[in-house]
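To start, the structure itself, in structure tokens.
The values are calculated or read from the model by the stated rules, or taken from the named source; none is laboratory data. Nothing here was measured: the structure is a model prediction, and the numbers come from that model. Cβ atoms come from the backbone with ideal geometry, glycine included; neighbour counts cover every protein chain shown.
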Amino acid sequence: MSVYVLDTNIISFYLKGNEVVINNFTRVLANGDSILVAPIAYYEIKRGLLAVDSQKRLKIFEDFCKLFGVGLLDNKVLDVAANIYAEQRRIGRMMEDADILIAAFCKYWTFPLVTNNTKHFSYVSDLTLFDWTQTN
């Protein structure tokens, strides 16, 4: 059984009803695999909905998170994040902190990351990426 971790953009596509993304959710769940919201993705979506005071969409998002669950950050994940930052800095590639934290969560737990920004994450070693905006 695999656990697929969702990046912010995939959650947005799902909540907007993107048919390809929804079909990929259905396929993965039918295979008995699990889906988990990345902790930083939770923060990014929730802050945006609160900023525009979208109570209806906030309720839908909270129900989505109850259904799939949200990962937790701890010091072990933060240590991996610090190493990713240092590695990326050494090779001259700077990533946003949010992307580093999402990648670190997936890397620590060895969970694949589902994103349509595969290029942003492609430089992180030992990170499996899937783009559910594409038909598989």
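Please determine whether any residue of segment 41-63 is closer than 16 Å to Leu129 by Cβ and of a type in the set (Gly, Ala, Ser). Looking through segment 41-63, at least one residue is closer than 16 Å to Leu129 by Cβ and of a type in the set (Gly, Ala, Ser).
With respect to Trp109, determine if the residue is out of contact with any Asp or Glu (no Cβ under 9 Å at 6 or more places or on another chain) and closer than 16 Å to Tyr42 by Cβ. Taking the combined requirement at face value, the residue satisfies it. In this structure, Leu78 does not satisfy being modelled with pLDDT of 95 or more and surrounded by 19 or more Cβ atoms within 10 Å (Cβ to Cβ). If you filter segment 49-75 down to residues that are within 16 Å of the chain's Cα centre (by Cα) and surrounded by 15 or more Cβ atoms within 10 Å (Cβ to Cβ), you find that the one that is farthest from Leu113 (Cα to Cα) is Phe61.
Within segment 4-16, being assigned to a helix (DSSP H, G or I), among the hydroxyl-bearing types (Ser, Thr, Tyr) and either in contact (Cβ under 8 Å) with a residue 60 or more places away in the chain or more than 11 Å from Trp132 (Cα to Cα) (or both) holds for Thr8, Ser12. Scanning segment 87-136 for residues that are of a type in the set (S, T, N, Q), within 20 Å of Leu72 (Cα to Cα) and surrounded by 14 or more Cβ atoms within 10 Å (Cβ to Cβ) turns up Thr115, Thr128.
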